[in-house]
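Report on one structure; see the data block that follows.
The values are calculated or read from the model by the stated rules, or taken from the named source; none is laboratory data. Note that this is a predicted model, so its numbers are computed, not measured. Please note: Cβ atoms are built from the backbone with ideal geometry, for glycine as well, and neighbour counts cover all protein chains shown.
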Amino acid sequence: MKKTAIALFTGDLRLHDHPPLRAAIAAGDRVVPLFVDDDRVRAAGFDAPNRRAFLADCLADLDAGLRARGGRLVLRRGDLVEQVCRVAAEAEAAEVHLAAGPTAFAHAREDRLRRALEADGRRLVVHDAVVTAVPPGAVTPAGSDHFAVFTPYHRRWADHPLREVLAAPRSVRVPEGVESADLPRRADVGGTSEGLAKGGEEEGRKRFTAWLRGGIADYEALHDDMAGDATSRLSPHLHFGTLSPTELIHRATRTGGPGEEAFVRQLCWREFHQQVLAARPGAASADYRTKNDRWRSERSAKDDVEAWREGRTGYPVVDAGMRQLRHEGWMHNRARLLTASFLAKTLYVDWRVGARHFLDLLVDGDVANNQLNWQWMAGTGTDSRPNRVLNPVTQAKRYDPEGAYVRRWVPELADVEAKFVHEPWKLKDRDRSGIDYPDPLIDLPDGLARFKAARGAA
Ligand code: FAD
């Protein structure tokens, strides 16, 4: 009798360097490459149009890659556990192979799936080092289950041996008769950002190869140059797993210049947050290290929050970042830091309000990276200087000295000379007439005083 195994795809939508798929192929004569469009992802609020559109590209590309190898993708909709059990029964599969995930959601899903499969006499095999290069929990400090400080984590992470990169399978044999729902189409997803990037493994691999040829060498010098846009833009591919972090590290370290080193260090930040979240799942919504803040809520700071979301705060660099987010579903890291500091510290609004808005729009929106970066900037996370406040004017002058980033995203200021572009309120009245741009929402010293008083009192 022919043996069949299931390779269940989740946040790892690729054929290259994919241990669960390789193991499923090795386990049986036939394999069902399965993706479940899980109702619970939607119910848990993880769904957003930009990510859904990117996902549609990823699934189409995965299916095309499988077809080129003689297989196809099987898509089901509904509750993941029910659907996997159903497909396993239809295909008489003995094993299901799945990548481990770092979130509480992924852990609960894994547990439910294991129990349900075992009740049917089947086996769940969970693979580490698929979504991250170093599995959460693989390196820990003495006396704790995770690292709370980045630098020592980075040291240990860099020393941890990486597994070999696996080639994509040459052929994939899918059993006959296992039905698939129609794949979603990007064109059918409404409400997406106009400048949203294209998804899929092929696109991700092209982008990464181009990044290795150009870009990466200057990464250390240019990563904060907001107008230069000189970062890799691989974050959505890492989020959806169209690229493997293990492969990225192997290939980036082959050359080993300062740019490559700086890039790999950023990949480590991603894994640092994943291991914090895996050990402290509550940090997705609760303060990791509370400062007993009595934040202003979305309701009590309604107008401020609205102005921030719309990119109408009167601080050009903050507004530029927020408008880039809306237009592309992506934002430069420096702008993420500035916009987050502005909301949480200058406006003293609950970081969760900002994190939610980011998750609603970011194509790379990721629970670990988003919630823990927000906490880092709000000073409730792992930052060793939790009370730092980024000044949007001095930061803008430093990281956007000519104002090109601001002019790109805030066209009202396109003709303002560099001297005033980050402080348009300093323009003489006659030069301001005709510019439809708001006055600052708040004076920076007032915001700072409120924040210091709040933290002092706490
Ligand atoms: P590059 O600079 O080219 O870096 C390469 C990769 O390293 C990135 O793709 C990403 O996977 C990882 N990386 C880089 N910086 C960080 C970081 N600070 N923390 C964790 N991983 C990092 N990143 C997300 O992937 N998803 C999010 O939801 C997310 N939300 C954020 C929210 C805030 C408030 C802040 C300050 C940062 C957030 N980041 C998030 C981290 C970072 O801004 C993005 O990963 C980065 O801007 C993506 O662009 P890139 O791919 O060009 O990055």
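Computed values, structure above
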quantity	calculated
Conditions (1) touching a residue at least 60 places away in the same chain (Cβ under 8 Å); (2) within 16 Å of the ligand (Cβ to nearest atom); (3) outside any loop (DSSP other than H, G, I, E, B); number of the one not met by V305	(1)
Any chance D319 is part of a helix (DSSP H, G or I), acidic (D, E) and over 24 Å from R52 (Cα atoms)	yes
Residue among L347, L343, L338, L325 that alone is in the same structural domain as A453 (by TED's automatic domain parsing) and under 30 Å from C58 (Cα atoms)	L325
Verdict on D350 being farther than 23 Å from D436 by Cα and more than 9 Å from the ligand (Cβ to nearest atom)	yes
Test for R450: is it surrounded by fewer than 19 Cβ atoms within 10 Å (Cβ to Cβ), of a type in the set (K, R) and in contact with a Ser or Thr (Cβ under 9 Å, 6 or more places away or on another chain)	yes
Pair list, Cβ under 8 Å, 6 or more apart: segment 352-363 residue of a type in the set (G, A, S), other residue more than 7 Å from the ligand (Cβ to nearest atom)	G354/W308; G354/T339; G354/L343; G354/A344; A355/Q371
Where Q395 falls short, out of the listed (1) in a helix (DSSP H, G or I); (2) away from the ligand (no atom under 14 Å from the Cβ)	(2)
Residues satisfying the stated conditions in segment 353-374, i.e. within 7 Å of the ligand (Cβ to nearest atom) and polar (S, T, N, Q)	N369, N370, N373
So K428, is it in contact with a His (Cβ under 7 Å, 6 or more places away or on another chain) and of a type in the set (K, R)	no
The listed residue being closer than 27 Å to P136 by Cβ and in the same structural domain as L413 (by TED's automatic domain parsing), out of G354, G314	G354
Among residues of segment 330-347, those that are away from the ligand (no atom under 11 Å from the Cβ) and not in a helix (DSSP H, G or I), counted	1
Options V125, V96; residue that is touching a residue at least 40 places away in the same chain (Cβ under 8 Å), more than 20 Å from the chain's Cα centre (by Cα) and closer than 30 Å to N50 by Cα	V96
Residue within segment 405-418 that is within 16 Å of the ligand (Cβ to nearest atom) and surrounded by 22 or more Cβ atoms within 10 Å (Cβ to Cβ) present	yes
Some residue of segment 345-355 being under 15 Å from G321 (Cα atoms) and among the small types (G, A, S)	yes
Selected residue (criterion: nearest to R280 (Cα to Cα)) from residues of segment 375-388 that are buried (at least 22 other Cβ atoms within 10 Å of the Cβ) and away from the ligand (no atom under 12 Å from the Cβ)	T380
Residue selected from segment 273-311 under the condition basic (K, R) and surrounded by fewer than 18 Cβ atoms within 10 Å (Cβ to Cβ), by the criterion nearest to the chain's Cα centre (by Cα)	R280
Subset tally (residues that are outside any loop (DSSP other than H, G, I, E, B) and either more than 15 Å from R323 (Cβ to Cβ) or in contact with a Lys or Arg (Cβ under 8 Å, 6 or more places away or on another chain) (or both)) for segment 401-435	13
Members of segment 275-293 that are part of a helix (DSSP H, G or I) and under 14 Å from Q375 (Cβ atoms)	V276, L277, P281, G282, A283, A284
Search result, residues across segment 60-89 that are buried (at least 22 other Cβ atoms within 10 Å of the Cβ), closer than 20 Å to E110 by Cβ and either at pLDDT below 95 or of a type outside the set (A, V, I, L, M, F, W, C) (or both)	Q83
Every residue from segment 240-272 that is outside any helix (DSSP H, G or I) and surrounded by fewer than 18 Cβ atoms within 10 Å (Cβ to Cβ)	G256, G257
Strands (runs of 3 or more DSSP E) fully within segment 14-119 counting 3 or more residues that are over 30 Å from L359 (Cα atoms)	30-38, 93-99
Which numbered condition G314 misses (of (1) on the phi < 0 side of the Ramachandran plot; (2) modelled with pLDDT of 95 or more)	(1)
Search result, residues across segment 90-115 that are surrounded by fewer than 16 Cβ atoms within 10 Å (Cβ to Cβ) and in contact with a Pro (Cβ under 8 Å, 6 or more places away or on another chain)	H107
Residue match in segment 158-170 (condition: within 23 Å of the chain's Cα centre (by Cα), assigned to a helix (DSSP H, G or I) and away from the ligand (no atom under 14 Å from the Cβ))	yes
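This table checks each residue for (1) over 21 Å from G365 (Cβ atoms); (2) more than 12 Å from the ligand (Cβ to nearest atom).
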position	(1), (2)
L196	no, yes
R207	no, no
T231	no, no
H237	no, no
R251	yes, yes
G256	yes, yes
R265	yes, no
E271	no, no
A284	no, no
